[in-house]
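J.: After the C-alpha cells below, expect a handful of questions from me.
The values are calculated or read from the model by the stated rules, or taken from the named source; none is laboratory data. Keep in mind that what you see is a predicted model, and the values were worked out from it rather than measured. As a convention, Cβ positions derive from the backbone with ideal geometry for all residues, glycine included, and neighbour counts pool all protein chains shown. The accessibility values were calculated without ligands, DNA or RNA, using every heavy atom of the protein model including side chains. Shrake-Rupley method; radii C 1.70, N 1.55, O 1.52, S 1.80 Å.
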Amino acid sequence: ACKQAVAAILSFNSSSSTFIGPFEACGRSLAMESHKPMFQVENFDDEFVQKLVYDALVWCSLHGLVVGDKTYQKSGTVPGVGMTHAPISLLPTQFPESYWKQACEVAPIFNELVDRVSLDAKFIQDSLSRTKKADIFTSRLLDIHSKMLESNKKEDIRLGLHRSDYMLDEETKSLLQIEMNTISCSFPGFGRLVTELHQSLLRSHGDHLGLDSERVPKNTSNSQFADAMAKAWLEYNNPRAVVMIVVQPDERNMYDQHWLSSVLREKYPLLYLSLAEVETEGSVQEDGTLIVDGQEVSVVYYRSGYTPRDYPSESEWNARLLIEQSSAVKCPSIAYHLAGTKKIQQELAKPGVLERFMDNKDDVAKLRKCFAGLWSLDDPEIIKKAIEKPELFVMKPQREGGGNNIYGDDVRENLLRLQKEGEEENAAYILMQRIFPKVSNVFLVREGVYHRDQAISELGIYGAYLRNKERVIINEQSGYLMRTKVSSSDEGGVAAGFAVLDSIYLN
C-alpha cells in the first residue's frame, strides 16, 4: 500500500504539473541560442496592457492563483470566501542563465550543509549562546533543542524542504545569498502557478511582446515537495499513519498550502491543525508514536512556528516540544530550524567554518562564492563602518516572515543605541552587506490594477532533502520562486504585502 501510494505521487502528471528532474529544468541550455533583449514596458500602450491584465486575471481565477482578501473577515478561515488574485508581476523578469544555473547547482550542496550542521549540536548551541541571552524566541527554541540532547534523541529520518534566496548584485556581478530558509518555505504551489501563468501569456502574446515562452524555465516545486513528503511517509513505514500540516489559525495564504496538499490528498490522509490544537488533541506514547485526534502521525510539516506570533501562549510551546519528542518525521526538526537562523548563516560565512562540515573543496568554493558579507555585532571595526555608511549594510534580527530588517539611517541609530545599552543586546542581530540588484521597469498587478514601476527581484531556489540514517534518498533542486518589489521598498515578503509573485525569463 505504501509503495502504491508513493508511485501515485511520482507519476502525478497533468497539464498543470509535470514532474521533471532538476537537470532538465536547470542544467540544460534552453532553446534559442540567441534571442531578443527584454521588452521595455514604455513601448506598450494602455489598451494592450489592459488586455494582458484581463487575460492574467482570468487565468489566476481559473487555476487557483488566489489568496484570501483581508477585507473579508472569514477569508483566512473559510475556503472559498473572500478570494482575490495573488499579487503578481504581469510578465516574467529577465535573469541571466549563467546565474540561474549557478543557483540550481548549489541547491543540493546547501541541502547537505543544513543536514550536517543540524547534527553538530555543539556548533548550534555555541553559535547561538549569546543570541539566546538577547532573544527570547531563539532561547525557547534552544531550550527544546537542549531537551532533545539530554534525552539522547536521534532523528534517523530527516526531511528538509528548504528555500535559498538570492539577489544578483549589480556592482560585483555576483549571485549573493540573502538567507537560507529551513522552516515553512512558502509558495511552492504558487511558484509553479505563476510560472505557468507567464508561459501562457507568452504563448498567447509572444509575437507582440517579442518573447519566447520556452525561456521561462519549467517549475515543479509543488510536485517535488509533495514527492519528498510522500517518500518520508514511506520511510516511516506505516500505511495507516497520517501527514499533519501545522498551520496558523487565520491563514489567508491557505491556497498555496492546499496546492501542496492536493497532490498528497489523493492517497494520504491529512490533518490540518494549529499548534494550540495539537496541544489539546495530541499525545506521545511510550514508544514515541505521536497520536493526534486519535490518529498516528508519520510526517509533520510546519507552515507555522517560525515567528513569535505563532506562540501566543504556553500551549503552542508545549505542542512544539510534544512533536519534537515524538518519532514522527518533522519538517523541520528543531535542529534543522536552528540551522536556518541568521546567526548560524553568519557563523558559516567565517573563514574555515564551512570546512568543519564539508569535505569537498569544490563544494566549499561554490558555497562561499554565494556568501555576502556577514558580521556579528561584536566586531568594532565593522560597527564603525556601518555607523559611517549605514546605506551599505542591512541589520538583521533572528526573525522570519518579512518586515523585520533594519535599513539606512535606522542602522546607524540602532547601532548607536546598542552601544549605549551594552553588548549583550548585540547578539540579537547580525550585519549583512547590502546587495544592490539591477532595477527594471515592470508591471505590478494588485487587486486587479496594474502599475508601471521600477522594481528589483529576489530569486528563491527550493531544495528537498530526505535521509534515513546513512542513506540519502532525495537531495535535489526543487523548483523556484521569483519575488519582485518596488525598488524603493526595503522588505520583500509577498504575504507581508511588500512584493509580488514572479517568474524568470532567461537571457
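J.: Run down D169, D212, D207 and say which single residue is farther than 28 Å from I474 by Cβ, open to solvent by less than 30 Å² (accessible area, probe 1.4 Å) and of a type in the set (D, E, K, R).
T.: D169
J.: Tally the residues that are part of a helix (DSSP H, G or I) and in contact with a strand residue (DSSP E or B) (Cβ under 8 Å, 6 or more places away or on another chain), restricting the search to the range 320-336. Before you say what the answer is, go through the steps one by one.
T.: Of the residues in the range 320-336, the ones part of a helix (DSSP H, G or I) are 320-325, 334-336.
Pick out the ones that are also in contact with a strand residue (DSSP E or B) (Cβ under 8 Å, 6 or more places away or on another chain) and you get 322-325, 336.
Qualifying residue count, the range 320-336: 5.
J.: Looking at (1) over 23 Å from the mean Cα position of the chain (by Cα); (2) aliphatic (A, V, I, L, M); (3) open to solvent by less than 70 Å² (accessible area, probe 1.4 Å), which one does I344 not meet, given that it meets all the others?
T.: That leaves (1) as the condition not met.
J.: I need a count of the residues in the range 172-201 that are farther than 30 Å from C331 by Cα and surrounded by fewer than 23 Cβ atoms within 10 Å (Cβ to Cβ). Working first, answer last.
T.: Here is the first cut: in the range 172-201, the residues farther than 30 Å from C331 by Cα are 172-174, 198-201.
Within this subset, residues satisfying the condition of being surrounded by fewer than 23 Cβ atoms within 10 Å (Cβ to Cβ) are 172-174, 199-201.
Residues flagged as farther than 30 Å from C331 by Cα and surrounded by fewer than 23 Cβ atoms within 10 Å (Cβ to Cβ) within the range 172-201 amount to 6.
J.: Being assigned to a helix (DSSP H, G or I) and farther than 20 Å from M432 by Cβ is the filter here, so list the residues in the range 338-365 that pass it. It would help to see each step written out before you state the result.
T.: Taking the range 338-365 as the starting set, the residues that turn out to be assigned to a helix (DSSP H, G or I) are 338-339, 342-348, 354-356, 361-365.
Passing the criteria: E355, R356, K361, D362, D363, V364, A365.
J.: So, one more: Which of the residues belonging to the range 305-332 are open to solvent by 10 Å² or more (accessible area, probe 1.4 Å) and of a type outside the set (D, E, K, R)?
T.: Pass one, the range 305-332, residues open to solvent by 10 Å² or more (accessible area, probe 1.4 Å): 306, 308-318, 321-322, 325, 327.
Residues satisfying the conditions are Y306, P308, Y311, P312, S313, S315, W317, N318, L321, L322, Q325, S327.
J.: Something else about it: Is it the case that some residue within the range 218-232 is part of a helix (DSSP H, G or I), charged (D, E, K, R), open to solvent by less than 20 Å² (accessible area, probe 1.4 Å) and within 20 Å of L159 (Cβ to Cβ)? If you could, list the steps in order and put the result at the bottom.
T.: Keep residues of the range 218-232 that are part of a helix (DSSP H, G or I), which gives 221-232.
Those still in the list that are charged (D, E, K, R) too: 227, 231.
Then keep just the ones that are open to solvent by less than 20 Å² (accessible area, probe 1.4 Å); that gives 227.
Cutting the leftovers down to within 20 Å of L159 (Cβ to Cβ) gives us 227.
Yes - at least one qualifying residue is present in the range 218-232.
J.: Also, I was wondering about something else. Quick check on my filter: what residues within the range 446-479 are touching a strand residue (DSSP E or B) at 6+ places or on another chain (Cβ under 9 Å) and charged (D, E, K, R)?
T.: Within the range 446-479, R446, E447, R452, D453, E458, R467, K469, E476 meet the criteria.
J.: Restricting the search to the range 92-125, which residues are more than 22 Å from the chain's Cα centre (by Cα) and either charged (D, E, K, R) or closer than 30 Å to V49 by Cα (or both)?
T.: D120, K122
J.: Got at least one residue in the range 115-128 being open to solvent by less than 20 Å² (accessible area, probe 1.4 Å), over 23 Å from C370 (Cβ atoms) and modelled with pLDDT of 95 or more? Outline the logic, then answer.
T.: Looking only at the range 115-128, we keep the residues that are open to solvent by less than 20 Å² (accessible area, probe 1.4 Å), and these are 115, 117-118, 123-124, 127-128.
Within this subset, residues satisfying the condition of being over 23 Å from C370 (Cβ atoms) are none.
The answer is no, given that none of the residues of the range 115-128 is open to solvent by less than 20 Å² (accessible area, probe 1.4 Å), over 23 Å from C370 (Cβ atoms) and modelled with pLDDT of 95 or more.
J.: Output yes when any residue across the range 74-82 is under 21 Å from L193 (Cα atoms), buried (at least 20 other Cβ atoms within 10 Å of the Cβ) and of a type in the set (S, T, Y), and no when none is.
T.: yes
J.: What tally of residues in the range 366-388 results from selecting those that are in a helix (DSSP H, G or I) and open to solvent by 60 Å² or more (accessible area, probe 1.4 Å)? So that I can check it myself, show each step before the final result.
T.: In the first step, residues of the range 366-388 are kept if they are in a helix (DSSP H, G or I); the result is 366-370, 380-388.
Filter again for open to solvent by 60 Å² or more (accessible area, probe 1.4 Å), leaving 366, 368-369, 380-381, 384-385, 388.
Going through the range 366-388 one residue at a time, the tally reaches 8.
J.: Among (1) at pLDDT 90 or above; (2) open to solvent by 50 Å² or more (accessible area, probe 1.4 Å); (3) assigned to a helix (DSSP H, G or I), where does Q419 come up short?
T.: Of the numbered conditions (1) at pLDDT 90 or above; (2) open to solvent by 50 Å² or more (accessible area, probe 1.4 Å); (3) assigned to a helix (DSSP H, G or I), the odd one out for Q419 is (1).
J.: Count, please, the residues in the range 262-311 that happen to be part of a helix (DSSP H, G or I), of a type in the set (S, T, N, Q) and in contact (Cβ under 8 Å) with a residue 24 or more places away in the chain. Can you show your working first?
T.: We begin by selecting, within the range 262-311, every residue part of a helix (DSSP H, G or I); these are 262-265, 275-281, 308-310.
Still in the list and also of a type in the set (S, T, N, Q): 262, 280.
Filter again for in contact (Cβ under 8 Å) with a residue 24 or more places away in the chain, leaving 280.
The number of residues fulfilling the criteria is 1.
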